[in-house]
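Participant: After the structure tokens below, expect a handful of questions from me.
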Amino acid sequence: MKKLTILLCAFLLSVISFGQSLTPDVIATSGDYFVNENASLSWTLGEAVIETFSNESLMLTQGFQQSYYQIVSVNDPENLNFHVKVFPNPAKDFVNIEIQSQEKLTLLKLEIFDFLGNCLLERDIMNETFKEQVDLSSYATNMFLLKVTNIHTSRTHSFKILKVKF
């Protein structure tokens, strides 16, 4: 019984001591740090505001600011040499796709996938302008992925298309 108690205490101690990590990190979409001779300012986007102090010349609002933060962002693809419009999104029965290429002899590939990975539509585009109305009425309410790829440069632009019932 004594060995079981010691073993149980050792197990509980290890679970309590390793069960949680308290590192001072924030993962934020934006933020910055500024310093001048009078004050310093550090901020991250998306923090909850907890308390505000103010006097005649200064206002301080406190949140869950941590000593280290990592900015996570997604940039739009650069140098695509084509522009894509998808509308209406969300769509009920049809979605319009317009592609405008900046080069005359650009070979683009248009593909629409469901989220199981099935290819529903595939088109090769060689014109400077492309306009098509895609019929989604035979598909269930779902989210689809539109992928437009420049075959020569392998640059891809993707869109989510949401089909809804109105």
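The values are calculated or read from the model by the stated rules, or taken from the named source; none is laboratory data. Note that the structure is predicted; figures quoted are calculated from it, not measured. Note that each Cβ is placed from the backbone with ideal geometry, even for glycine, and that neighbours are counted across all protein chains shown.
Participant: Looking only at the range 123-136, which residues are part of a strand (DSSP E or B) and either surrounded by fewer than 13 Cβ atoms within 10 Å (Cβ to Cβ) or not hydrophobic (A, V, I, L, M, F, W, C) (or both)?
Facilitator: Result: ARG123, ASP124, THR129, LYS131, GLU132, GLN133, ASP135.
Participant: Let me spell it out: the conditions are (1) within 22 Å of the chain's Cα centre (by Cα); (2) without any contact (Cβ under 8 Å) to a residue 24 or more places away in the chain, and ASN118 meets all of them except one. Which number is the exception?
Facilitator: For ASN118, the failing item is (1).
Participant: Scan the range 140-166 for residues that are more than 13 Å from ILE112 (Cβ to Cβ) and among the basic types (Lys, Arg) and jot them down.
Facilitator: ARG155, LYS165
Participant: Let me ask something else about it. Out of curiosity, is LEU120 in a strand (DSSP E or B), modelled with pLDDT of 85 or more and surrounded by fewer than 18 Cβ atoms within 10 Å (Cβ to Cβ)?
Facilitator: Against the criterion (in a strand (DSSP E or B), modelled with pLDDT of 85 or more and surrounded by fewer than 18 Cβ atoms within 10 Å (Cβ to Cβ)), LEU120 qualifies.
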